[in-house]
Amino acid sequence: MSQFVYEKTYGASPGEGMVYDLEALINSYNGEQSVGCVKIGREHGRIAIAAFTLLMRRLHEGHRQSGELVVVDASSGMDKYDCRVSLISTHSVAGGLPFGC
């Protein structure tokens, strides 16, 4: 009973159920934004997710320096599901700006 309540509230535990719930959430979010902000793909049994916020989109369109230098911060740790998060950023006079994830 408690497993049913947990999955109904938080989604499925790790495995195919979690991936299915994640894909449904991504499709819902992309529908709300009316642009494909998040993509999910599989390669060699691994899942990759790319996120692109509206701020990041504005940077792509209007920040000239973003075409000159991009930094990938891959120093993040891993969680219990072996997930890694890498932030892609670009430079500006104010400091680093988020460019992708």
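The values are calculated or read from the model by the stated rules, or taken from the named source; none is laboratory data. Just so we're clear, the structure is a prediction, and the values are computed from it rather than from any experiment. Please note: Cβ atoms are built from the backbone with ideal geometry, for glycine as well, and neighbour counts cover all protein chains shown. Keep in mind that these areas ignore ligands, DNA and RNA; they rest on the heavy atoms of the full protein, side chains included. Shrake-Rupley method; radii C 1.70, N 1.55, O 1.52, S 1.80 Å.
List of remarks:
- Matching residues, the range 26-38, being without any contact (Cβ under 8 Å) to a residue 12 or more places away in the chain and part of a helix (DSSP H, G or I): N27, S28, Y29, N30, G31, E32
- Residue ID - farthest from the chain's Cα centre (by Cα), chosen from residues in the range 36-61 that are open to solvent by 80 Å² or more (accessible area, probe 1.4 Å) and within 11 Å of I26 (Cα to Cα): K39
- Check on G95, at pLDDT below 80 and not in a helix (DSSP H, G or I): yes
- On the stretch given as the range 39-78, residues that are modelled with pLDDT under 75, assigned to a strand (DSSP E or B) and either among the acidic types (D, E) or under 13 Å from P98 (Cα atoms) (or both) total 0.
- Only listed residue being at pLDDT 80 or above and either part of a loop (DSSP other than H, G, I, E, B) or of a type in the set (S, T, Y) (or both), chosen from Y20, Y6, Y81: Y20
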